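Heads up, the thing below is written out as structure tokens.
The values are calculated or read from the model by the stated rules, or taken from the named source; none is laboratory data. Note that the structure is predicted; figures quoted are calculated from it, not measured. With ideal geometry, Cβ positions are generated from the backbone for all residues, glycine too; neighbour counts draw on all protein chains shown. Only protein heavy atoms, including side chains, enter the accessible area calculation; ligands, DNA and RNA are left aside. Shrake-Rupley method; radii C 1.70, N 1.55, O 1.52, S 1.80 Å.
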Amino acid sequence: MKKAIFTLAIGDNPMYQAAILSFKYYAEKVGADLVVSEQLHFPINICDAKYDANPAWAEKLRIGELLKEYDRVLYLDADILVAPNAQNIFEQYPDPETIYMLNEGAVCDRQLERQLIEEKLGRISWPASNGCFTYYNVGVILASKPCQLFDYADLDGLQSVCNHIRFYE
């Protein structure tokens, strides 16, 4: 099985150096290639954004491209450090039919984000659990080849919302 750990390190934030070093050791430990994106591949037009927006957010679409070459891709934001004793996430979450992300909506109120998204895209039937709406944080994503998310997430879709909502990735 061919695996990759993917991150973005666009710019000169000193945090990237520590994060990438931890990713490098982790990639060696779990038998994965480390792919670091240092330039934009998915140009998006940020102009008069209602909230802080960053063109690097669209780079997460590259996960879909990497899944054409790799069986599994672990995406990590470059402000994360992987502990030396971290377990092998590829073994901990083995189902290739599932995309793994943190449901931040279960632990954090994301009503404002929901409202902003629906103002732009129209009413959406949001899944909920225990009265909390599902809202995924995409700072860590574990995806496999069968993942269909990147068949639907595209640059045009991100462009349509990026200047109007927070956390559009």
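Structure values in brief
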quantity: Spacing of the two label points (7 Å from each Cα toward its C-beta) at Lys24 and Asp12, in nm; calculated: 2.0
quantity: Heavy atoms of Glu69: accessible area, 1.4 Å probe, square angstrom to 10; calculated: 100
quantity: Accessible area, probe 1.4 Å, largest first, for residues Asp77, Asp12, Asp109; calculated: Asp12, Asp109, Asp77
quantity: Protein-only accessible surface order, largest first, of Leu76, Leu112 at 1.4 Å; calculated: Leu112, Leu76
quantity: Hydrodynamic radius of region 69-137 per Kirkwood, over alpha carbon pairs, in Å; calculated: 14.8
quantity: Candidate lysines - alpha carbon under 16 Å from Lys60, same-chain residues fewer than 8 apart omitted; calculated: Lys68, Lys145
quantity: Sequence of Lys29, Lys60 from largest to smallest accessible area, 1.4 Å probe; calculated: Lys29, Lys60
quantity: Cross-link reach list, lysines versus Lys120, counting only Cα pairs under 20 Å and skipping chain neighbours closer than eight places; calculated: Lys50
